[in-house]
Each structure stands twice: as C-alpha cells, then as structure tokens.
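Have a look at the structure below before the remarks.
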Ligand SMILES: [Zn+2]
C-alpha cells in the first residue's frame, strides 16, 4: 500500500488495497435488521444508550454513557416485517426499551418528556406500541432518528433524545417533538453500530522506532492540524506526534497542493513511501467548515498511525463517509489504535 487518498463525503478510493478490504467485510453495517446486536450512539454526545449500572430492573430509566462495549450498551434488534422493531437488552432479552408515559408531565404516550425506560415483558406477553420503535433516516451515513410507535399512532411523532440536550454520563433519555436547527445540533440523532467490529489496522505506518511521529513542513490548515495532533496525543496519553526539531528524525512532512492528480475530489492523502501527508486546498476549502476540515486532519493522522479505514460509521474519524460534524475519536477509532499500537 503506497498511499491513502481520502475523500470524505465521496466514494472511498483506496489505492492498492482492494484485497485487504475483504478482511473487514465481516463488520456489519449500521442499517439494522432482525437479529442484529448493536450499540446505539448519540450523535451529539458521542455516548451510548446504556442500562444504568448494568443491572436491569423494570421501570428504570435508560441513560447515555461513555462507550465501554459492555453488555449494558448492547441491544438486540427484533425486527417485524413492517420495519418496526423492539430494542431488547443484551443482558436479558425480556427487557425492552419502552416509553414510560405514566411519568410524563402531560400524560399519554405521545407526551413530550416521557422517559425511556427498561420495561420487563414476561414471555408470551403482547408487546404494546410504547415498546416498539422505528427509524427515520437522516442521511446516507446511517444517522437516523428513533421514533416511538405509540406516538406515531397518536399522530404526534416523538423522537428519542437526551434530556435537555445534555451530554454527560447518566443523562436520561426522553422523547420529544422535532424542533430542528438540526434538532439542536443532533440531540435527536442516533447511529446503530454493530458490535461485531474488527480492529481496522493497516499494514503501514509512519511511527518511528522510538514510537514517535515527528513532522516537518506546514499547511494552511496548521491551526486545525495542531488541534488534531493535540486530540490524538491526548487520547494516546503521550506526545507521539511532535513537531520535528534538529534533535529528532523526521518521520513525515506535511504540505499542501491545490488538487490531487487524477482525483479532484480528494481532500487529503497519506503517502507511506514518500512519508508525506498532503492536503488538497481546492477540495479542503470546499468543505463545509473547519469542523469537517479538522476531521480530515485527524483522519490522516490516523493513517500516519497505521489505521485503516473503518467500516463503522457513528462518528468514527477513520470512517470515510462518517458523520461530518464530529471531531472526537470514537469507539472504533480507539479500538483500531489500541490494536494497532502493538505493531509499533
Ligand atoms: Zn483515508
């Protein structure tokens, strides 16, 4: 593998790596179907729908919590033929996510502010609409809203969201009307991630024998680059990325070019042979804002560390088509790094 050409929001062009992609194909996509076991990640918070304390009790409120891959954050999808589905706890499939309309301020399952709870249904119990959901797709990257069926039947669609838009651990979940400006920065948006993930490790990297990635050169996106470096270093717990000095060995160079030859939509590339990360200013400048540009930067730094493209959406930096407005490392990014580090 010589070079990654990275196109966010375009087709994934991977040079000389066709054979490798099959290795990752066992990672399930995020369009849910019957029998899938999934994590459900909030786009705004980056946190996962979670059973508090990992202990089920009927009536307990569901919450969001930082990803830890435990069974408390795993959900089994039971899909009906009409596309509606149950969200069953992997801890015990008789516990379903449900809307607790009895606690709502206004009464009735269609009320704003009704909490999402874990509700126990003994075997053979008919499942009421309050424990049945469907999704409304938001974009092609697998981001969707989760709608409660009871609210739909009552004609006032309510969407699952974190209470008051909070993003902290243990924030409870409620249902609410749509209220947009993309529902106050994605509080009503969710991504289903397969638990059948595989580490997305590459076969090359630009990490030197001392475990550093010392860079020289510069880019017009330097401020974003520096932020990306800081974010990766913070996660890694070490300043693996460092600006090159005359006391260090240069591991790679950063530079800008106007446009990628043969690939005008490419935003950036990582070239392992020539040890270069190139940003293509034409495509970069066309992106919708610095948040997305910073994501591109962090994505290339992932390649420098040897990370492959991730098949997992849900805000993963290493997912080519990943959700754009997100610059924190996500679960699969971290898993990929944690796996890859043994190769340094
Ligand atoms: Zn890439």
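Structure notes:
- Global form of the stretch 37-194, assessed from the alpha-carbon gyration tensor, a/c cut-off 1.5: rounded
- Ordered by the count of other Cβ atoms within 10 Å of each Cβ, fewest first, 5, 236 give 236, 5.
- The ranking of 190, 176 by Cβ neighbour count inside 10 Å, starting from the fewest, reads 176, 190.
- Cα-projected label distance for residue 112 with residue 80, points at 7 Å along beta-carbon direction, nm: 2.8
- Annotation: the residues 334, 145, sorted from fewest to most other C-beta atoms within 10 Å of their own C-beta, follow the order 334, 145.
- Shape descriptor for the stretch 198-260: Rg over Rh equals 0.99 (Cα atoms; Rh from the Kirkwood inverse mean 1/r).
Just so you know, all these numbers are worked out from the coordinates, no wet-lab data involved. Remember, predicted model here, so these are calculated numbers, not experimental data. Methodologically, a virtual Cβ is constructed for each residue, glycine included, from the backbone with ideal geometry; neighbour enumeration extends over all protein chains shown.
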